[in-house]
Amino acid sequence: MKFTRSRTLHAAPARIMLLASGLSLLSMPAFAQARAERFSDKDVKALIDQVYDSRDKFEGNLDGDFKGSTLRGSTGETKVAGALQDYQDSCNKLKERFTEDYSASSEVVTVLKQSTQISEFMLAQPATMKGRPEWDLHAANLKRLAGAYGTTFPFSAGGTARRMNDKETSAIAAELAEAANRFKGDLDKEATLAKPDKDAAKKDVDALIKLADVVKSRTKDGKPATTEARQIIDQAAKIRTFVGAHTIATLTNWEAVQASLGKLQQAFALTE
């Protein structure tokens, strides 16, 4: 459906869909945007502040008549001012709720859903529209925020966003180290392993534990640790090869290592 710029424009009834009508969400896959380093809580807080401020600048530069207009569609009307208020409220809620103990993933989803609808409208308008330069800056901030939550902007239909804060990520690294230490004890008790094989495996597990401790410490302090997280993945793969080639009676603790590893990969948006 084609948009027309007038006092009354076509739109969907829900206020958060203020600037779109009959357009489906962009069909981008919900995969994590690649990034060189995991964002710390401090980084994410700064991103949220930038999103908050750039939204304010965008709305402040929109034409006053447009903000006071009504968008009409086949199923109802939407007041532009009310929809803009909804979006402002969502950005406020995100800013207020993000803490070291709460990553505000659901609030990020709400902001990304609403802003995607606005983006569809803005990109369909002339580049000379008032507020367009400010929207482009806001959209750039939204893309960075989405990347920090393992998703994309524009937000895809059925998409999800999930971030583990520093404290949670540090705790996962600690769990991994503890499980690896228990698995090392299992290896020590394994009578079927030849001593050279056992010693080599224990040395590899020690290296894994050391790396996990580094990630635990660095993420707890809000420092970069993606390089060490990648090294953990490589080290665990080496141990996994050993486990697959030998008969080990007890694998419960090794399974715990792999479970923690999976969560750590998610926290750093890494794959093997």
Self-check item: In the range 225-260, residue nearest to the chain's Cα centre (by Cα) [restricted to those that are under 12 Å from residue 211 (Cα atoms), hydrophobic (A, V, I, L, M, F, W, C) and assigned to a helix (DSSP H, G or I)]
Solution: 229
Quiz item: Any residue at all in the range 136-143 that is in the same structural domain as residue 242 (by TED's automatic domain parsing), surrounded by fewer than 22 Cβ atoms within 10 Å (Cβ to Cβ) and free of Cβ contacts under 8 Å to residues at least 24 places away in the same chain?
Solution: no
Practice problem: Within the range 183-201, work out how many residues are surrounded by 16 or more Cβ atoms within 10 Å (Cβ to Cβ), part of a helix (DSSP H, G or I) and of a type outside the set (Phe, Trp, Tyr). | Solution: 5
Practice problem: Give the residue that is nearest to residue 102 (Cα to Cα), with candidates limited to residues of the range 140-170 that are among the polar types (S, T, N, Q) and under 11 Å from the mean Cα position of the chain (by Cα). | Solution: 165
Quiz prompt | the range 96-124: number of residues that are part of a helix (DSSP H, G or I), surrounded by fewer than 17 Cβ atoms within 10 Å (Cβ to Cβ) and of a type in the set (D, E, K, R) | solution = 2
Quiz item: Looking at 212, 173, 207, which is the one that is touching a residue at least 60 places away in the same chain (Cβ under 8 Å) and either farther than 30 Å from residue 100 by Cβ or not charged (D, E, K, R) (or both)?
Solution: 173
Quiz item: Within the range 123-131, can one find any residue that is polar (S, T, N, Q) and at pLDDT below 90?
Solution: yes
Exercise. Mind listing whichever residues of the range 43-79 are touching a strand residue (DSSP E or B) at 6+ places or on another chain (Cβ under 7 Å) and crowded, with 20+ Cβ neighbours inside 10 Å?
Key: 71, 78
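The values are calculated or read from the model by the stated rules, or taken from the named source; none is laboratory data. Bear in mind that the values here come from a model prediction, so they are computed numbers and not experimental data. Positions of Cβ are generated from backbone atoms using ideal geometry, with glycine treated the same way; all protein chains shown enter the neighbour counts.
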